[in-house]
Structure formats: C-alpha cells, structure tokens
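**Student:** Okay, here's the structure, questions in a sec.
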Amino acid sequence: MYLDERSASLLKLLQHSPIWKMNDLEEKTGLTRRQIQYGFGKINDWLCFNGYKEIQYSRRVGYSLPADLQLKEQEIRFSKKVYTFSEDDREKMYYFMILLSKDPLSVYHFQSLMGVSRNTVLSDIQRLKENAKARGLEILYSKQDGYISKGTVRQKRYVIEHLVHEVLHHINGEMVIDCMWADKKKQISTIRSELEQIEKKMGITFTDEQLHEFTYWFLCTDQFIEKGEILDLEDSWNPLLSSREYEIVSQLIESPAFYGDWNQTEILYATLHLLGMNRIRDFSLLHEDEQIRPLLTGIVEEFERLACVHLHDKQQLYKQLYVHFRPAYYRMKYGFSQTNPLTKRVQDIYPELHHLTKKSMQVLEREIRRSIPEDEIAYFTIHFGGWLRKQGTTLDERKKAIVVCPNGIGISNILIYTLRELFPDILFLDVLSVRKAAEYPLAVDLVFSTVHLRTSSTLFVVPPILSADDKHKLRQQVMQELYGYALREIDLSSLLSIISKYATVHEPEQLEKALQANMYTHQVNKHSLKEVEKPVLEELLTMQTVQIKRNVADWKEGIRTASQPLVDIGTIEERYVDAMIQTIEANGPYVVITPNVAIPHARPEQGVRSLSMSLLKLDEPVYFAPDKPVHLIIVLAAVDNDSHLKALVQLTQLLGEPANIEKMIKSSKPAQLMEYIHKYSKEETK
C-alpha cells in the first residue's frame, strides 16, 4: 500500500513538529479542512497497513503523532502521485462521466482518467451495467456514441444528486472530486461565492455540508443543461414562480459561472432545491408564514396530546423548529429526499419518542398527501427529544401502554381518549386490533383491552365505554399494580352529611353525582382533545337524523333503518351500510358497546362522504346476539381519526350514565332524545 503525495507531505510535517492544529495546517498547506481530513485518513490507513499506531486527533490539541512512532525518511518518500481508486470510487466516476459528458466516451477515456488497465475497465463496465438497473438506468455502447445512459432525465438527475452526496461524505471523496472536476475549480469557486451571496440576500445561513453539496449540485445541473438533458415541467411547481427564491435563482444563473441555457423549468427545479436546503439560521418571520405556521402548530399540539406533555417556552420552540421545518416542508411536499445518517440510531435508542413523533407528523401527511420519509421523522424526533431534555421532561420513565380494541375506529378512539384522560402519567402509544397487537414491535408495560388476549405485559380488560364506577375501579386496579397501593375509598354519604351540617344543599342527588365524577376522575389531560373545527354532538345528531321506531325484524334491518337518514341526505353511500353489516357478520356483535347500545360503523373509505351520525331508538329491543338486546342504534360515519372525537367524547359522557340510557329508551318523541343530546353537547370536554 502506498501513500499519495499530499498525504506524504502531511506526514512529513508531523515528523518535524509532532502536534498541529487544524487552522495551522490549513494556513501552512493551503489545503481545505476536508482535504486535510481526507489526507490523514489515508495516512492512518497506511500506518495500520504497516503495523504502526494511528495519528491521534482532538479538537483541543489537534493532530499528534504517537510518542513511540519512529519513521524513516525513505519510508515516507515511498509514495505515488497517482491515487489508486477503489472499485466503489471508480463506479461513481463512471456514472459522473457517462451521465454528464457531452463527448463520446470510450474505454480509453476511462483508462486515462482512473489509471487502470483496459481489462479492469471492461470488468467495471459489466458490473456497472448490472448495478445501473437498480438505479433505473441502462448503460449502452455504440461505436458512434460511445458509452451512454438510457433513462428518464429526472432519474438521471436523481442518481447524480445522490452520488454527489455520497462522494462529498466519503473519506476518499475529495480525490474523486479533484479527478472529475480539476479543470473546473474556478467555476466551482464562483458558484460557491454566488451561493454565499444568496445567504446574505435571504438572511439565512446554510449548513457547511449543504453549501458544499449545493455548489456541486449546481455544477452538475449546469452540465446536464449544456448536454441538452432538460427536465419536463411539473404543474405543481408553478406556484413557486412568484416566490422570492425563484427570483434569486433567476439572477444567480445569469452569473458567468453558468454555461447552460437555463429555462423556466430548470430555474423552478433549482428553486425547489434552494427551498429545501438545510440551514442553521433563518431570519424569516414565522408569524408571517401563513403556509408553514399552522402546520407547525398542529404538529406540536398533536405531539403534546399524544405524549401527554406540556412543552415549555413554546414560542422559542416554534422558532427553532421553523428553521428546520420550512426546508423540510418543501422537500417532503415535492418528493425530494434528505438523507439522515442518524435515523437508525434514533429509532434504536428512542423508539417510543420516534413513534409518537411519527404519529404527530400525520398532521403534515394529510396536508401534503404524501408519506413522510423516516429520515425526516428522525430529524423531528431529535428536535422534540432535545426540547424535552432541556425542560427536564423524560418519556423513558413513564409506563408504556397500548389499547387493544376490535371495535373499529370510532369505539377505539372513545376508549383511548378516555384512558389518556384517566391516566395522564401513562404513555399510550397506540390503539390496535387484536391481530396488530400480536405483531406490535415496541415493548410495552401495560395492555388495556376490551377482550381477553395473551400477552406478556400486564393486562387490564375494560369495557369500550367506561362509566364513572368503571373508571374508579380501573384506577384502583392500576394503582395497585403499578405502585402497590390503591386509593382510599371515600364514603360519599358521610361526606354529604358533613356538608349538610354547614351548608344548605338544594339538590343533594346532583351534588353526589358531581362529587363522584370529580373524585373518580383523576386529572384531565388538557391535550386529550383538540377542539378546533370539531363539531359537537348536537351538530351531528339532529332532528333530521334521530328516529323512534316500535321495532325491526332483526339487527340488519335495524342498521339499515338507522342509516337511512344519512343515505337520504347523502353523507354515506349504500355500500357503507353493507360494509357495517358485513363487518359484524365477520367479527361478531362487537358494536354493542354497553347494555342496550350499539354503535355500528365501518372504515371511512367504505362509503363515507362526510362526517355524520344518526340515532334510532327502538321501543322493543333487537338482538345482535342472544344475550345482547339493543334499544339504541347509533350509526357513526367518520372521515378520519379525529374530526368526530369531540362529539364522540360527549356521546361517551352521555352513555356513561346508565340512568341516561334508561330515560332515552323510555322517550316517546325525538324531541325528548334531543334534550339529552343538547345537554351533553354543552358539557366541558377538555
């Protein structure tokens, strides 16, 4: 193994002075920081190969030779001016040459550039042809055109962009860059200077890596344009024509550094990349960004709700997140990827935090109608994790739980919101079907389930809708399991007697109910329900969607009758009614969520046009199973996971009182049913 000339020179400097700081080396050699790092990487490879200890580096001291390292001058002189590229390096260079060169390429051109034999080139090319298929390209050869690539222009750009990233982040990357673009150093320097001017114009500071990478991105794009490899316009880019970034790029490409004829599409493509560049500083005003601000607010609020935490100093958090979120938004919206080298580490070390962050990002997914890449989610996980540590909050010490419920989207959400409210100190990660619970990848301490199931975690079997008494009993069980003690029973009768001695009680029954509800509900999680733009119960259950019938032939007719008002007003299709019936036939009468009450529903994509509910009260019960008589059939048509939740929580409060169910069953007119609906629509749900 040989040292190249640059690395040998650096090693000689250390021989004469055994400690060098980076700044001093830059000044002494005229090399860049990256070139110096690359050089010492080669030196250490050479030292290890020859059985010597490696050169040490620390930010405080700099580079230093091991004390016992004794090298003879002739050993260091034994070097090569021509660097021997690895197989991986050569493959990248073949791609760069074939994709960017305007001139026909032959085996000779590859030999000349890389200093390898004809047989090595032919062997490399054969391997390249196979590997190119995985990148969506085909490598072809003809005597007239030489070696060319076949594929879409967008795919060719995608391959080059990824190669630039890989090369600039590889220890040998600087040699590849020097070899490929040795004759373009002036152009590269000019492009970088222009980008630094853009920073000043926009009031931002790019990360060093992004600035370096973007310099070569512009260089390669200009070469593509010179070659005639022009992109097709995508209509989704047109809104950017009025952006400040488009104006800045339009001015940039007028620089002498660019030789290609940049059309509007190419300027838009560059604008997208400029918008998506990571930065460490951005003086843009968050409160003026009507596009980004509501999305960022929604993600943070959703994270607080799911994690049951309150993030402090939120305005400062928004400013910090905005610097990262704005470029990330444009990358994700327009499908430009961003590699995060820490993704796997974040997923392994902070699985629960990453999971909750991923669920919070669904706010953005719904807006841009794209899946959020794991690399982008990992960046947000790092931000949220750092902020939690800053304020001294940790999720690691909290018990982790899942909720298992085969009852579908509506009932599942009732249950998990109730449990989050009842146990704010427990981290509820997900609500799952029985099948998905068996495959759940995260470790959990507790499982709350509406059915019995096998699990190695502590299991609590709960009804889908919890009454005040159910909540009290469940709290006692959980406290006993987690902490070894239960809350002391409170004798309400004795308490009321004491109150009556010193105060006049006008409605003792109502006071007893209020005390019971207050004592049996621990503390309300204020993030358990976001109320913005969520209809209340009386906005969904109206005189138009509430019915009273004497009886129906069977439960299927009951569902069809209850659904008819929604079919009539057009909020659901007939196929949604069929889907509800088919689901019950397949899974059993799981929709009977409490005695005398059934809430049939199916998936939104099975025929829901808009959020709606209907109620059918039967004088005579219909049996969903021999032991499951039902008087109240409430059809739920949800369009997503959360828009119906406020109304659903209010319905839960209404049905959580058995006395309310009894009174509703005895009602003879829809107006009487509406009285209960009106009352609980005004109940506080936060």
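The values are calculated or read from the model by the stated rules, or taken from the named source; none is laboratory data. Quick caveat, the model's predicted, so the values are computed rather than measured. As a convention, Cβ positions derive from the backbone with ideal geometry for all residues, glycine included, and neighbour counts pool all protein chains shown. SASA here: full protein model, heavy atoms, side chains in, ligands and nucleic acids out. Shrake-Rupley method; radii C 1.70, N 1.55, O 1.52, S 1.80 Å.
**Student:** So how much accessible area does ASP68 have, in Å² to the nearest 10, using a 1.4 Å probe?
**Tutor:** 100
**Student:** Right, here's the next one. Can you run the Rg to Rh ratio on region 77-172? Use alpha carbon positions and the Kirkwood inverse-distance Rh.
**Tutor:** 0.98
**Student:** Can you quote the Å³ per residue value for the convex hull of the Cα atoms in the chain, rounded to an integer?
**Tutor:** On the way: hull volume 163.3 nm³, N = 686.
Each residue corresponds to 238 Å³ of Cα convex hull volume.
**Student:** Evaluate E = 1/(1 + (r/R0)^6) for GLU657 and GLU538, where r is the Cβ-Cβ distance and R0 equals 22 Å; express this FRET efficiency to the nearest 0.05.
**Tutor:** Working: r = 17 Å, r/R0 = 0.79.
According to the calculation, E is roughly 0.80.
**Student:** Treat each spin label as a single point 7 Å out from the Cα along the C-beta direction, and report the ARG33 to ARG454 distance in nm.
**Tutor:** Between ARG33 and ARG454, the label points sit 5.7 nm apart.
**Student:** With N residues in region 410-478, what two-decimal value do you get for its Cα radius of gyration over 2.2 N^0.38 Å?
**Tutor:** Values: Rg = 11.6 Å, N = 69, 2.2 N^0.38 = 11.0 Å.
Compactness ratio reported: 1.06.
**Student:** A further question follows. Report, in cubic angstrom per residue, the convex hull volume of the C-alpha atoms of region 143-214. Walk me through the numbers before you get to the answer.
**Tutor:** Values: hull volume 9.8 nm³, N = 72.
Value for region 143-214: 136 Å³ per residue.
**Student:** While we're looking at this one, here's another question. Working from Cα positions, state the angle (0 to 90°, nearest 10) between the long axis of helix 468-483 and the longest principal axis of the chain.
**Tutor:** That works out to roughly 50 degrees.
**Student:** Towards the positive end of the charge dipole of the chain, with charges on Cβ (+1 Lys, Arg; -1 Asp, Glu), say which of ILE55, GLN477, SER614 has the farthest Cα.
**Tutor:** Selected residue: ILE55.
**Student:** Place +1 on the Cβ of every Lys and Arg and -1 on the Cβ of every Asp and Glu in the chain, take the dipole about the Cα centre, and give the residue among VAL592, VAL309, LEU296 whose Cα lies farthest towards its positive end.
**Tutor:** Final value for the positive-end residue is VAL309.
**Student:** I would also like to ask the following. Would you list which aspartates and glutamates come within 15 Å of LYS501, measuring only between C-alpha atoms, while excluding same-chain residues fewer than 8 positions from it?
**Tutor:** none
**Student:** To continue, here is another question. May I ask you to compute the full-extension gain from GLN476 to GLU130, defined as 0.36 nm times their residue separation minus their alpha-carbon distance, rounded to one decimal in nm? Write out the running numbers ahead of the final one.
**Tutor:** Working: separation 346, 0.36 × 346 = 124.56 nm, distance 6.43 nm.
Gain on stretching GLN476 to GLU130: 118.1 nm.
**Student:** What FRET efficiency comes out for the pair SER250/ASP425, r = Cβ-Cβ distance, R0 = 56 Å, nearest 0.05? If you can, show how the numbers build up before the last one.
**Tutor:** Working: r = 55 Å, r/R0 = 0.99.
E(calc), rounded to 0.05, equals 0.50.
**Student:** If one computes P(r) from the Cα atoms of region 357-440, what percent of pairs lie at distances over 20 Å?
**Tutor:** Working: 1765 of 3486 pairs.
The calculated P(r) of region 357-440 puts 51 percent of pairs beyond 20 Å.
**Student:** Points 7 angstrom from Cα along the Cβ direction at LYS501 and GLN582: gap in nanometres?
**Tutor:** The answer from the label model is 6.7 nm.
**Student:** Checking the cross-link filter: which lysines have an alpha carbon closer than 19 Å to that of LYS399, excluding same-chain neighbours under 8 positions apart?
**Tutor:** Counting by Cα, and skipping residues close in sequence, LYS399 has these lysines nearby: LYS359, LYS471.
**Student:** How large is the dipole of the chain about the Cα centre if only Lys and Arg carry +1 and Asp and Glu carry -1, each at its Cβ, rounded to the nearest 20 debye? Walk me through the intermediate numbers first.
**Tutor:** On the way: 85 positive and 93 negative charges, 192 e Å.
Dipole of the chain, to the nearest 20 debye: 920 debye.
**Student:** 7 Å from Cα along Cα→Cβ at both VAL461 and ILE280: what's the point-to-point distance in nm?
**Tutor:** 5.9
**Student:** In debye, nearest 20: dipole of region 175-252 around its Cα centre with unit charges on the Cβ of K, R (+) and D, E (-)?
**Tutor:** Values: 8 positive and 16 negative charges, 76 e Å.
Computed about the Cα centre, the dipole is about 360 debye.
**Student:** Can you give the FRET efficiency for SER101 and ASP445, using 1/(1 + (r/R0)^6), R0 = 56 Å, r = Cβ-Cβ distance, to the nearest 0.05? Please report the intermediate quantities before stating the final value.
**Tutor:** Details: r = 60 Å, r/R0 = 1.07.
Efficiency, rounded to the nearest 0.05: 0.40.
**Student:** Please report the equivalent ellipsoid semi-axes of region 610-674, computed as sqrt(5 x eigenvalue) of the Cα gyration tensor, largest first, in whole Å.
**Tutor:** Working: eigenvalues 97, 44, 29 Å².
So the equivalent ellipsoid measures 22, 15, 12 Å along its semi-axes.
**Student:** Determine the percent antiparallel among the DSSP beta bridges restricted to the chain, to the nearest 5.
**Tutor:** Working: 25 of 48 bridges.
Here the share of antiparallel DSSP bridges comes out near 50 percent.
**Student:** May I pose another question? If you count only protein heavy atoms with a 1.4 Å probe, what accessible area per residue comes out for the chain, rounded to a whole Å²? Let's see the in-between values first.
**Tutor:** Details: 33700 Å² over 686 residues.
Result: 49 Å² per residue.
**Student:** I would also like to ask the following. Of PRO626, ILE661, PRO66, which is farthest towards the positive pole of the chain's charge dipole, taken about the Cα centre with +1 and -1 on the beta-carbons of Lys, Arg and Asp, Glu respectively?
**Tutor:** Of the candidates, PRO66 comes out farthest on the positive side.
**Student:** When the helix-only estimate is applied to the chain (DSSP H runs of n ≥ 4, each -39,500 (n - 2.57), divided by the residue count), what is the mean residue ellipticity at 222 nm, nearest 500 deg cm²/dmol?
**Tutor:** On the way: 30 runs with 367 residues, N = 686.
Rounded to the nearest 500, the figure is -16500 deg cm²/dmol.
**Student:** Right, here's the next one. Per the 1.4 Å probe, what fraction of the accessible area of the chain, in percent, lies on carbon and sulfur atoms?
**Tutor:** Details: 16170 of 33700 Å².
C and S atoms contribute 48 percent here.
**Student:** If you add up the charges near GLU138, with Lys and Arg at +1 and Asp and Glu at -1, over every other residue whose beta carbon is less than 9 angstrom from its beta carbon, what do you get? Mind dumping the intermediate values first?
**Tutor:** Working: positive: LYS129, LYS133, LYS150; negative: none.
Neighbourhood net charge equals +3.
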